[in-house]
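*Asks:* Mind looking over this structure? Questions follow.
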Amino acid sequence: MNPLKIMFLSALGLSGSWTMAHSAPVELDLWTIDQPGEYHYVMAREFDQQHADITINVRTVQFRDVVNDLARAVATGNGPDVTYIDNPDMALFAPRHLLLDLAPYVRKSDIVDIDRIFPGPLASVRFDDSLYGLPRGSNTLALYYNADMFEAAGLDPDQPPTTWEQLYQYAKALTDSSENVYGLAFSAINSEEGTFQFLPWVQMGGGDYNNIATPGAKRALTLWTRLIEEGLASRDTLIRSQYESTGTFNAGNAAMAISGPWELPRMSEEADFNYRVAMLPVPEKKAKRASALGEGVNTILANTRYPKEAFEFLEFMHANMDRVWNEFGMLPASRVEVKDPNFPQAYAVFDESMKYARTRGPTPEWQKISQTIQQAVQSALTGQVEPAVALENAQLKIDRILD
């Protein structure tokens, strides 16, 4: 049996062991991927200042280590009270009852209104009738484009591409091999970032993580392959991260780029041109939209000794959702008013995109499925197999994983 699963199973006996909070001062342990000065550290400091009887001890865990470290800690009874979990990894913990069901607390809360949380982030924390976390913020994808290059190529910068065919035609018109300029930059790297970028195209094509070989998904991968084969996107797309791909856009070596809002601060410093943001193109006019859902969840472990105080901290963070865009570079995961948003044109687009952001999964087998999707994309873009065959082969593997 998988050692990670063994740790999860052994932890089940610990999941109901918390007791009511004491009247004595309380210490809560918080695990985060943040560094000092970032979101969780700031929230913990401000909460401490307002709650003299509660102290929050913050520990940074590397993003890649969160799942394994948390599983080990829970199995030994040494886990934190509150922790960050990436949204697709929620399906590893929630069905095993390792996280506190927040539904009873939310029903009594005057602060948390789950009806105001966007559907994608809400789906990542809701399992059956239980609620196992509150999204701390979100991110998603959109299309950045160089308005100056649009004008130079005779394209209207006020009319960015809205369909997949238009995206291809614009990329073709904007590519200039003599100047080392590609029409489009995106990431098809063999990692979670590659899945993050490709899955919305599958979803717009009528599929999902468990239905990867729909005609629309095949059309999407065929378009990606065509962009690479015709030199409209760099072959380094297969090895570049989102950060690296967007870097080529900032440097003027790509006229358009698919990426997220985390790029805006450095783009404002590096990009010496008029850049704008548009919604991801759809298969055809009036087709259903989809976009990726990134960022993580604030959760409470089921065996915390202090569920009441831990939930107070989650309420505090949720009440500050209107600050996450300007101060921490995340999109609000719920419908809140952001006053004087930084990068207002971009914020309006990303905020609209959040209405269509969909979670990866949810399934406890997400890691295996994501790797299968990555391999399918890579095999098609390198010319090893036709796009349709790559996705059909992936579907067979996914069916076995989920069986």
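*Asks:* About its Cα centre, what dipole magnitude does segment 53-93 give when the only charges are +1 on Lys and Arg Cβ and -1 on Asp and Glu Cβ, stated in debye to the nearest 20? It would help to have the intermediate numbers written out before the result.
*Replies:* Values: 3 positive and 6 negative charges, 28 e Å.
That gives a dipole near 140 debye.
*Asks:* As a test, work out the antiparallel percent of DSSP beta bridges whose residues both lie in the chain, rounded to the nearest 5.
*Replies:* Once the DSSP bridges in the chain are tallied, antiparallel ones form about 60 percent.
*Asks:* Mind sorting out which of [x] 22.0, 72; [y] 21.7, 66; [z] 20.5, 66 is the real Rg and Dmax of the Cα atoms in Å computed from the coordinates?
*Replies:* Given [x] 22.0, 72; [y] 21.7, 66; [z] 20.5, 66, the structure-derived one carries the label [x].
*Asks:* Here's a follow-up. Name the most mobile residue of PRO36, PRO283, PRO332, meaning the one with the largest mean-square fluctuation, in a Gaussian network model of the chain with Cα contacts below 10 Å.
*Replies:* The residue with the greatest mean-square fluctuation here is PRO36.
*Asks:* Only Cα pairs within less than 10 Å get springs; with that Gaussian network setup on the chain, which residue of ALA217, ALA271, ALA94 has the largest fluctuation?
*Replies:* Largest GNM mean-square fluctuation: ALA271.
*Asks:* I've got another one for you. Assigning unit charges at the beta carbon (Lys, Arg +1; Asp, Glu -1) and nothing else, what dipole magnitude in debye, to the nearest 20, does segment 58-195 show about its Cα centre?
*Replies:* Dipole size: approximately 720 debye.
*Asks:* Provide MET354, MET279 in ascending order of the number of other Cβ atoms located within 10 Å of each residue's Cβ, fewest first.
*Replies:* Ordered from fewest to most neighbouring Cβ atoms within 10 Å, MET354, MET279 come out as MET279, MET354.
*Asks:* Okay, moving on. Are any of the pairs LYS108/LYS339; LYS218/LYS288; LYS286/LYS355; LYS218/LYS397; LYS172/LYS218; LYS355/LYS397 more than 19 Å apart by Cα-Cα distance, and if so, which?
*Replies:* Pairs exceeding 19 Å: LYS108/LYS339; LYS172/LYS218; LYS355/LYS397.
*Asks:* Also, I was wondering about something else. 7 Å from Cα along Cα→Cβ at both GLU284 and ILE114: what's the point-to-point distance in nm?
*Replies:* 3.8 nm
*Asks:* Can you find, among GLY294, GLN371, GLN395, the residue sitting farthest towards the positive end of the charge dipole of the chain, where Lys and Arg contribute +1 and Asp and Glu -1 at Cβ?
*Replies:* Final value for the positive-end residue is GLN395.
*Asks:* Hey, with R₀ at 41 Å, roughly what FRET efficiency would GLN345 and ASP399 work out to, going by the Cβ-Cβ distance, to 0.05?
*Replies:* E(calc), rounded to 0.05, equals 0.40.
*Asks:* May I ask you to list the chymotrypsin sites (Phe, Trp or Tyr not before Pro) in segment 280-383 that are in a DSSP loop and have at most 14 other Cβ atoms within 10 Å of their Cβ?
*Replies:* Here no loop site has a sparse enough neighbourhood.
*Asks:* Any chance you could run the full-extension gain for PHE328 through GLU392? It's 0.36 nm times the residue separation minus the Cα-Cα distance, nm to one decimal.
*Replies:* Stretched out fully, the PHE328 to GLU392 stretch lengthens by 19.0 nm.
*Asks:* So, one more: About its Cα centre, what dipole magnitude does segment 265-403 give when the only charges are +1 on Lys and Arg Cβ and -1 on Asp and Glu Cβ, stated in debye to the nearest 20?
*Replies:* Dipole magnitude for segment 265-403 comes out near 420 debye.
*Asks:* Report the residue, chosen from LEU155, LEU391, LEU102, that carries the largest GNM mean-square fluctuation when the chain is represented by alpha-carbon nodes joined by springs under 10 Å.
*Replies:* Of the options given, LEU155 has the highest mean-square fluctuation.
*Asks:* Still on this structure: Among LEU30, PHE343, GLY154, which residue has its Cα positioned farthest towards the positive end of the charge dipole of the chain, with +1 placed on the Cβ of Lys and Arg, -1 on the Cβ of Asp and Glu, and the dipole taken about the Cα centre?
*Replies:* Farthest towards the positive end: LEU30.
*Asks:* Set the Förster radius R0 to 22 Å, insert the Cβ-Cβ distance between LYS308 and ARG59 as r into 1/(1 + (r/R0)^6), and round the FRET efficiency to 0.05.
*Replies:* Step by step, r from the Cβ atoms, then E = 0.50.
*Asks:* Here's another thing I want to ask about it. Translational diffusion coefficient, Stokes-Einstein: compute it for segment 200-278 using the Kirkwood radius over C-alpha pairs as Rh, at 37 °C and 0.692 mPa s, and state it as an integer in µm² s⁻¹.
*Replies:* 233 µm²/s
*Asks:* Points 7 angstrom from Cα along the Cβ direction at THR222 and TYR243: gap in nanometres?
*Replies:* Result: 3.7 nm between the two label points.
Read-outs: derived from the displayed coordinates by stated rules, not from any lab. No experiment lies behind these values; they were computed from the predicted model shown. Cβ: placed from backbone, ideal geometry, glycine included. Neighbour counts: every protein chain shown.
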